[in-house]
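Inspection log for the structure reproduced underneath, given as structure tokens.
The values are calculated or read from the model by the stated rules, or taken from the named source; none is laboratory data. Model, not experiment: these values are computed from the prediction. So basically every Cβ, Gly included, is an ideal-geometry build from the backbone, and we count neighbours across all protein chains shown. Just so you know, the surface numbers come from the protein's heavy atoms only, side chains and all, with ligands and any DNA or RNA stripped out. Shrake-Rupley method; radii C 1.70, N 1.55, O 1.52, S 1.80 Å.
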Amino acid sequence: SNNHVHNFNTSAASMAKHPIVLKHHGSGTANTTANRLSVFIGDMVTMEGAATRSSNVGAATATSNINSSLLWNSESITEVQTNMDDITGEHLAFLMEQLLNHQSCLDAWVTPILMKKGRPAHKLHCLCFPQNEHALLELVFRHSTSLGVRIYRNVPRATLDRSILSVQTKFRDTEYDNDGIVRVKVSRFRNGEVLCKKAEFEDCKRVSALATVSMASGVPIQVVAQEAIANAAMTATTTTSINNRSNYYGLL
């Protein structure tokens with residue numbers, strides 16, 4: 001009976017205020033103008049960009065999801081993939097270097113695959129922000145053997161706040177040009193809670209090598225790393241945000 005039908009407002013103004021990612025529609029053709037009962041099932045999109053299930057969710061669960069989304073950053077990115085069975089190891093290494101050193105690329109990696117006729121091949125994965133998609137595609141086509149790529153847009157991603165601390169260690173030795181400085185990557189929730197600290201390996205290797213020259217017993221890399229991490233909470237000469245990979249390639 002039409003007397004007991006509740007109207008579901010699907011106007012542009014309503015959807016803009018309460019956006020829903022539509023997954024299923026009960027009317028079959030998704031025609032919302034007909035005089036019949038329609039059932040919509042989808043994900044309610046929050047202001048943080050995270051999706052919250054719009055059905056079968058209690059008040060406590062919904063509140064928990066909203067509070068949790070405030071601890072990290074939510075965004076949408078683009079993933080580019082391509083398969084290559086005719087690229088050499090040297091060529092692939094150069095391609096990866098070009099991608100990871102370019103500001104348009106958030107991340108890039110390769111996975112081994114098996115293609116037609118049993119040929120071993122490589123699958124290239126690249127991540128970028130939507131506005132950098134054109135630049136990333138140009139890099140892939142220019143420096144690879146690929147004739148075509150797959151583009152996955154609006155891929156959800158959650159990230160922590162990250163920063164770099166330049167830490168002074170006790171291994172400074174001006175005679176051997178050893179400044180003793182090690183960069184430490186710090187990841188944290190948006191409320192400031194620190195989750196992880198990691199010393200940059202290349203810095204630890206450099207400090208360890210120079211300290212080994214000046215000290216007969218030598219200084220292991222792990223000792224340099226432990227010293228840097230221990231001092232990270234107390235001493236920092238420079239703090240740099242690294243929410244973009246291009247700021248500090250190799251530390252992400």
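Okay, here's what the table says:
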{"read-out": "Check on residue 205, among the basic types (Lys, Arg), under 24 Å from residue 94 (Cβ atoms), open to solvent by 70 Å² or more (accessible area, probe 1.4 Å) and part of a helix (DSSP H, G or I)", "value": "yes"}
{"read-out": "In region 96-117, the residues that are within 18 Å of residue 85 (Cβ to Cβ) and hydrophobic (A, V, I, L, M, F, W, C)", "value": "96, 109, 110, 113, 114, 115"}
{"read-out": "Subset of region 66-104 [modelled with pLDDT under 95, among the aliphatic types (A, V, I, L, M) and outside any helix (DSSP H, G or I)]", "value": "70, 71"}
{"read-out": "Residues located in region 130-147, provided they are touching a helix residue (DSSP H, G or I) at 6+ places or on another chain (Cβ under 9 Å) and either touching a residue at least 40 places away in the same chain (Cβ under 8 Å) or hydroxyl-bearing (Ser, Thr, Tyr) (or both)", "value": "136, 139, 140, 143, 144, 145, 146"}
{"read-out": "Residues being at pLDDT 90 or above and open to solvent by less than 50 Å² (accessible area, probe 1.4 Å) - total across region 209-247", "value": "5"}
{"read-out": "Residue tally, condition open to solvent by 60 Å² or more (accessible area, probe 1.4 Å) and at pLDDT below 95, over region 116-135", "value": "3"}
{"read-out": "Positions within region 86-114 being touching a residue at least 24 places away in the same chain (Cβ under 8 Å), charged (D, E, K, R) and open to solvent by 60 Å² or more (accessible area, probe 1.4 Å), in sequence order", "value": "86"}
{"read-out": "Meets criteria (under 17 Å from residue 153 (Cα atoms) and within 18 Å of the chain's Cα centre (by Cα)) for residue 137", "value": "no"}
{"read-out": "Within region 174-202, considering residues that are in contact with a helix residue (DSSP H, G or I) (Cβ under 6 Å, 6 or more places away or on another chain) and open to solvent by 40 Å² or more (accessible area, probe 1.4 Å), the one nearest to residue 226 (Cα to Cα)", "value": "197"}
{"read-out": "Number of positions in region 136-152 that are among the polar types (S, T, N, Q) and open to solvent by 20 Å² or more (accessible area, probe 1.4 Å)", "value": "1"}
